[in-house]
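Worksheet: one structure, shown below.
Just so it is clear, none of the values below were taken in a lab; they were calculated from the coordinates. This one's a predicted model, so the numbers in the text were calculated from it and none came from an experiment. Heads up, the Cβs are rebuilt from the backbone with ideal geometry, glycines too, and the neighbour counts pull from every protein chain shown.
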Amino acid sequence: MGIKVVPYTEDRVPAVKAFNQRMADGGTGWGWYEWAEDRWLPRRDGLHVWREHFLAVDDDDEVRGAYALKPQAWLVHGETLTVTDWQGPVSEGLLSRRYAALGLRMIRDMLKKYPLLYSWGHGGNEAAMLQLLVALKWLIHDTPFCLKVCHPIRFLRRNAYLRDSTRNRLALDLLAFSGAGWLGFKLLHWGLGLRGPAHRDATAEEVPSFGAWADALWERCTTAYQALGVRDAKTMNALVPAEGWPNGIRLRVRRAGEDIGWAVVLDNQLENDPRFGDLRVGCVADCLALPEDAGAVVAAATRFLEARGVDMIGSNQSHPAWIEGFGAAGYLVLRDRRCFAVSPALQDALAPFEDTRTGLHLTNMDGHGPHGF
């Protein structure tokens, strides 16, 4: 039976729903969006970032797999290139060996459409996918997760990822109720925060959108990074719309009346989340500043989220200055928690990568957005 990859159109929604039902019945935990037009980033004239979806269908027009692409203008070594993230692929290879090669087929199809391809978000539970990418000569670059626990007792009592066994639950409850956990986290973050200035002179103001001030900041930053997605006002207003996902809060960060950067933060009360349980989770989902001002922006964004009452704050980062800024703000920097997977063609564009990686700026907003927060 032949398989073809086609654009996701409205008439194929029933077939996607049937695909999702088969995946659910098989206990895979995976599925695909049950709407054809992307609700986050639909394609619009004049906008240089969007998402498009594709389906792998058989001769009977049954959906057997799916993936999404997010092309975006990037600035790489001063040149504007279209660099594309992929989400998925999801396929019935999880259910039947008949479709075992479909994931590879879809990756090759992605590369034909957009050779400058990357994925930002693979972790340890996706070892098989990473092994496949390595076999295809993709570059895998490990990056950290930055974590700050604001309310230790709630973190210990509600974190589903840590409380995955009776033994762990008992140990965490002991730490919570004895006060040792509270004291330990407070001392940890206090000690980590001694490594850098507090940046009390940097202030964060919540704003309804990105304006001319953001364009001016973007222009100042274009020569300060080796590779990053374009972050002008038009792009950011598309990535962080006034309504709907990802429900980002835009912070304009100033010092002595001058704009030094911005951050997009999230504040979400989760329920039964597989990682964070019922925690109120903050996230620094995106940020921009000159590298020397990164620490000030992190400090201002952190104070803003702490004042709102979040239980913890997390952020994925790649640039050394931003990682250092999170560390100086008292965050625990957990190494090698997220992979930046780079296609051979994109490797060529980023070459020499050993130099470029020191100026590579990735945040949770890159890739397919701040899922999981």
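Restricting attention to the chain, lysine pairs at least eight places apart or on different chains and with alpha-carbon atoms under 25 angstrom apart total 14. When the alpha carbon coordinates of the chain are projected onto the principal axes, the ranges are 63, 53, 39 Å, largest first.
When segment 234-355 is described by a simple charge dipole with +1 on each Lys and Arg Cβ and -1 on each Asp and Glu Cβ, the residue from 344, 264, 326 located farthest towards its positive end is 264. Positive-end ranking of 74, 237, 287 along the dipole of the chain, with charges on Cβ about the Cα centre, is headed by 287. Oblate is the label for segment 123-214, because the ratio a/c of its alpha-carbon gyration tensor axes (a ≥ b ≥ c) is 1.5 or higher and a/b is not greater than b/c.
Taking 8 Å as the Cα distance limit and 6 or more residues as the minimum spacing, I'd like the relative contact order of segment 50-197 as a percentage. Please list the in-between numbers first.
Values: 148 pairs, mean separation 18.3, N = 148.
Relative CO of segment 50-197 lands at 12 percent.
For segment 210-265, the C-alpha radius of gyration divided by 2.2 N^0.38 Å, with N the number of residues, is 1.15. With a Cα-only, solvent-free Debye model of segment 315-373, what are the log10 I(q)/I(0) values at q = 0.17, 0.19, 0.28 Å⁻¹? The computed values of log10 I(q)/I(0) come out as -0.66, -0.80, -1.29. Candidate membrane-span-like segments in the chain, meaning DSSP H helices with Cα atoms spread over at least 27 Å of their own axis and a Kyte-Doolittle mean of 1.6 or above, do not occur, with no membrane implied either way. For segment 201-272 versus segment 88-151, the spacing of their alpha-carbon centroids is 28 Å.
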